[in-house]
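A quick write-up on the structure given underneath.
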Amino acid sequence: MSVLDAAAAPVSDLDPYAEEFLRDPYPRQQQLREAGAVVWLSRHRLWAVTRHEEVDTVLRDPQTYCSSRGVGLADFARETPWRPPSLLLEADPPQHTAARHAITAVLGPRTVREMRQAFESRAQQLVEELVRGGSFDAIHDLAERFPLTAMSDQIGVPQDGREHLLVYGALAFQAFGPRNERTERSLREGEQAAAWVAEHTRLSELRPGGLGARIHASAVEHGFSEQHAELLVRSVLTAGIDTTVIAIGNALWLLARHPEQWAALRDDPSLARTAFEEGIRVETPIQVFCRTTTRAVQLAGVPLAEGDKLLLLLAGANRDPRRWEDPERFEIRRSASGHVGFGAGIHACVGQMIARLEGEAVLSALAARVQTLEPAGEPRRLIHNTLRALSSLPLRVVAR
Ligand code: 4MI
């Protein structure tokens, strides 16, 4: 950015990684959104993209806004990433295209259809157990337990050590932020988890016929080396468990705090899928993601230089009043489609149909079996560089 151009763009010293911002992000995201579509964040020396239209534009133009220089604050052209880059997430066409094909060949509609029965039974079984107990921690006992059992079984990792996937997911997303104390601590505390994940990307450790083994095989069929096949399995282990844990936890928290929305779901369990989607819109699990410009370009009238980092406020876009009516309101009957919680364009979440299936299974099992769902104590918030999540959510349920 030249000195002349600086006048054209709004500047903010808000720090999206400060504890007070992360604790209560929405008023600050709004402040940035109202300052401009593209705002210079002086503390981190990058651009915030604050509104739905511009976030969507950036996501759909991977030639101009690339992923191969990292989708976190670190610019891979200048800094060494904390782990070998993902062949899927941190790649551009044509490399990204090949990786995407190898994974999509496995995670297609047919695979998703075949998972429904197992997910529904597991969700019903868990809900039955919890209803008998009456009160429980919805994060530990439901939001974590469901993906850790149902989805890990599908991937085909052994039961022993699965909980490392939660620690590893939290670490990977922490590292998309700056190398602050949160990241350093996750790196220290996640060392064992990272070793476990690396080991379980290997074909010999994956259940034959499971998603992991099939992705490995598909990658080799698509011409990837053994080592690169393992990296593609790593993508699923990174993004496939922790994210849905958080989305389910956030949905339960929203439903417990909005009894009229819970009542609507209970009275019509077919709303489970849209309720889950609306939960992702208002409490977006992955709050921010970055892109890097490949050339000088104007975005919303703001001139960007080649190599600039952009911080896309996905959660801010999902609450942009220019796009959503009454954006702060959790309304399970609205169509939340068009939200950018799963991204958009060529990098849009490859597991989103599985995520939706998981959310639907859990929420419809609850709706079928529970009359009232209410808070039973103070929830505890996880303060995290990238993720919006609870670490504890005491709930009480009464059977219907
Ligand atoms: C958007 S969440 C996510 C997706 C992919 C990977 C990590 C996180 C990966 O490792 O490929």
- Query: For the range 224-235, what does the Karplus curve 6.51 cos²θ - 1.76 cosθ + 1.60, with θ = phi - 60°, yield as ³J(HN,Hα) per residue in whole Hz, taken in order and with x for Gly and Pro?
  - Reply: 7, 6, 3, 5, 6, 4, 5, 5, 6, 5, 4, 4
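Can you give the Rg to Rh ratio of the range 16-136, both from alpha-carbon atoms, with Rh computed by the Kirkwood formula? Spell out each step's value before the answer.
On the way: Rg = 20.6 Å, Rh = 18.7 Å.
Result for the range 16-136 is an Rg/Rh of 1.11.
Can you tell me the equivalent ellipsoid semi-axes for the range 229-365? Use √(5λ) from the Cα gyration tensor, largest first, whole Å. Walk me through the numbers before you get to the answer.
Values: eigenvalues 181, 83, 22 Å².
They are 30, 20, 10 Å, listed largest first.
Out of the DSSP beta bridges found with both residues in the chain, what percent are antiparallel (nearest 5)?
Values: 26 of 31 bridges.
Antiparallel: roughly 85 percent of the beta bridges in the chain.
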- Query: Can you give me the relative contact order of the range 251-377 as a percent, contacts being Cα pairs under 8 Å and 6 or more apart?
  - Reply: 37 percent
- What residues have an amide H closer than 5 Å to that of Cys290, excluding those fewer than 5 places away on the same chain, when H is modeled at 1.01 Å from N in the peptide plane? Gly72, Leu312
- In whole Hz, the Karplus estimates of ³J(HN,Hα) for the range 350-357 (6.51, -1.76, 1.60; θ = phi - 60°; x where Gly or Pro) are 6, x, 4, 5, 6, 4, 4, 4
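Probe of 1.4 angstrom, ligands and nucleic acids ignored: what's the accessible area per residue over the chain, in square angstrom? All intermediate terms of the calculation are to be shown ahead of the outcome.
Numbers: 16640 Å² over 400 residues.
Normalised by residue count, the accessible surface of the chain is 42 Å².
What full-extension length gain, to one decimal in nm, is calculated for Arg257 and Thr104 as 0.36 nm per residue of separation minus the Cα-Cα distance?
Values: separation 153, 0.36 × 153 = 55.08 nm, distance 3.68 nm.
So the extension gain works out to 51.4 nm.
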- Per-residue HN-Hα couplings for the range 197-210, Karplus 6.51 cos²θ - 1.76 cosθ + 1.60 at θ = phi - 60°, whole Hz, x for Gly and Pro? 4, 4, 5, 8, 8, 7, 3, 5, 9, 9, 4, x, x, x
- Item | Fully extended contour minus Cα-Cα distance, from Asp267 to Arg185, at 0.36 nm per residue | 25.1 nm
- Determine the share of the chain's accessible area contributed by carbon and sulfur atoms, expressed in whole percent, with a 1.4 angstrom probe. 50 percent
- Item | Electrostatic dipole magnitude of the range 289-358 [Cβ: Lys, Arg +1; Asp, Glu -1; Cα centre; debye, to 20] | 80 debye
- Note on the structure: Counting sequence-distant residues (5 or more places) and residues on other chains, those with an amide H built under 5 Å from that of Ala376 are Leu395, Arg396
- Simple SL model, points at 7 angstrom along Cα→Cβ for Glu20 and Arg78; separation in nm is 2.8 nm
- Separation of alpha-carbon centers, the range 322-400 and the range 197-253, rounded to whole Å: 23 Å
- Give, in nm to one decimal, the length gained when the segment between Ala198 and Glu328 is fully stretched (0.36 nm per residue of separation minus the Cα-Cα distance). 42.8 nm
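Can you compute the charge dipole magnitude of the range 51-91 about its Cα centre, using +1 on each Lys and Arg Cβ and -1 on each Asp and Glu Cβ, nothing else charged? Give it in debye, rounded to the nearest 20. Each step should come with its number before you reach the end.
Working: 5 positive and 7 negative charges, 35 e Å.
Dipole about the Cα centre, nearest 20: 160 debye.
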- Share of pairwise Cα separations in the range 126-270, more than 20 Å, in percent: 56 percent
- Scaled to the compact-protein estimate 2.2 N^0.38 Å, what is the alpha-carbon radius of gyration of the range 119-185, rounded to two decimal places? 1.38
- Task: Could you work out the Kirkwood radius for the chain, taking every pair of different alpha carbons, averaging 1/r and inverting it, reported in Å?
- Result: 21.6 Å
- Amide hydrogen neighbours beyond the local backbone of Val370, cut-off 5 Å, H modeled: Arg400
- Item | Centre separation in Å (Cα based) which lies between the range 37-65 and the range 83-158 | 30 Å
- Computed magnitude of the charge dipole of the range 1-124 (debye, nearest 20; Cβ of K, R +1, Cβ of D, E -1): 540 debye
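The values are calculated or read from the model by the stated rules, or taken from the named source; none is laboratory data. Since the structure is predicted, the reported quantities are computational estimates derived from the model, not experimental observations. Here Cβ is always computed from backbone atoms with ideal geometry, including for glycine, and neighbour counts include all displayed protein chains. Note: areas computed on protein heavy atoms with side chains; ligands, DNA, RNA excluded. Shrake-Rupley method; radii C 1.70, N 1.55, O 1.52, S 1.80 Å.
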